[in-house]
1. Identify, among B:HIS21, B:VAL72, B:VAL2, the residue whose Cα sits farthest towards the positive end of the charge dipole of the stretch B:1-132, taking +1 on the Cβ of Lys and Arg and -1 on the Cβ of Asp and Glu, with the dipole about the Cα centre.
2. Calculate the radius of gyration of the Cα atoms of the stretch B:26-146 to one decimal place, then report Dmax, the largest Cα-Cα distance, as a whole number, both in Å.
3. List the residues whose amide H sits under 5 Å from the amide H of B:ASP84, counting only those 5 or more places along or on another chain, with H placed 1.01 Å from N in the peptide plane.
4. Please report Rg over Rh for the stretch A:53-96, where both radii come from the alpha carbon positions and Rh follows the Kirkwood definition.
5. Tell me which residues come under 5 Å, amide H to amide H, from A:ILE79 once H is placed; ignore anything under 5 positions away on its chain.
6. In debye to the nearest 20, how big a dipole does the protein assembly as shown give about its Cα centre with +1 on each Lys and Arg Cβ and -1 on each Asp and Glu Cβ?
7. In deg cm²/dmol and to the nearest 500, what is the mean residue ellipticity at 222 nm of chain B if only DSSP H runs of at least 4 residues count, each as -39500 (n - 2.57), divided by the residue total?
8. Could you work out the per residue convex hull volume over the alpha carbons of the protein assembly as shown, in cubic angstrom?
Number of protein chains: 2
Amino acid sequence: MVHRLDGRATWLVGRAHLRSHGLLQEAFAAAGARPYHYRLLAALEESGPLSQAELGRAAGLDRGDVTRSLDVLGGSGLILREPDPADRKRNRVSITRAGRAELYRLDAVLTEVQERFLAPLSAGERAVFLGLVARLARDPEGAREA
Amino acid sequence: MVHRLDGRATWLVGRAHLRSHGLLQEAFAAAGARPYHYRLLAALEESGPLSQAELGRAAGLDRGDVTRSLDVLGGSGLILREPDPADRKRNRVSITRAGRAELYRLDAVLTEVQERFLAPLSAGERAVFLGLVARLARDPEGAREA
DNA sequence: ATGTACCGTTGGCTCCACCAACAACAGTGG
DNA sequence: CCACTGTTGTTGGTGGAGCCAACGGTACAT
């Protein structure tokens, strides 16, 4: 392989992501869902009914992608999209009973994927890794390096 | 944000990758190059002349993507592609003097990106992180290497 | 009433990874 | 010699994920 990349953090993170994403994709596809859908259902369940723009900000999705994903979720009866009577330019999106059930089902899928992804590490190592990668994941906005 | 994802390794790795990839993309674009090109030049410099299929396996690229990337690299004079006299179905690809210079230039860019990406971590933490993420990056099944 | 800002929708884009088909070619066993 | 198998390079796609621009509709402060 390419020795020059062996110790590069960006390379290793990319490869780890490839494996992680592959596992996730496979598991979600087998469950008939997509990561976007999970994120939206989770945001809805945790925050209660939201407008689509709020939902996008909560789940980290583009407004347009929210629209398209909700089309699918609504078609499956997992969410309810109704015009907001207080502001007619908004939609009020809420999770349905079926949506909650789906979310819980996917929670289990996600948990199982974590286990497979983290299999190479011991419990202690996992905790260390999670702490470090969380700091690398946060966008250091305003963080000025002295 | 979605509280449910905060501690998920797959989520954090995905977010870290997003930041990493963004930094890399930005820096390489400013340098007029692409990650694929760097990988190919690096593989060529480390292994010497290769066929395109070998090159793809060394750099982890699809054969088709190798073909298209070499079109660009060849057009810039960074690699030389000539028919292999010993096997007429192969191309013998080698890195040129200009290609080496480009590779070294991109090495510096890459190094600078590492620094920005890893900025949130101390030197000791970086070493720990690299060790752990390297183990997560390796595909635990199959993947037999020579 | 007018301007500004937001909303949802649609249509597009880039990047990365991957797959399928094809003709050309090499090496094999018969 | 012939047929078969496998590889190579090329072309033409697929798909997910993230993102941006433009549009018409709506709310609200001025």
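1. B:VAL2
2. That works out to 16.6, 52 Å for Rg and Dmax.
3. B:ARG90, B:ASN91, B:ARG92
4. With Rg and the Kirkwood Rh in hand, the quotient comes to 0.95.
5. A:GLY74, A:THR96
6. Working: 44 positive and 38 negative charges, 54 e Å.
Magnitude of the dipole: close to 260 debye.
7. Computed mean residue ellipticity for chain B: -20500 deg cm²/dmol.
8. Details: hull volume 50.5 nm³, N = 292.
Each residue corresponds to 173 Å³ of Cα convex hull volume.
The values are calculated or read from the model by the stated rules, or taken from the named source; none is laboratory data. Treat the numbers as computed from the prediction; the structure is a model and nothing was measured. Using ideal geometry, Cβ is built from the backbone for each residue, glycine included, and neighbour counts are taken over all protein chains shown. When the accessible area is computed, the model is the full protein with side chains, heavy atoms only, and any ligands, DNA or RNA have been set aside. Shrake-Rupley method; radii C 1.70, N 1.55, O 1.52, S 1.80 Å.
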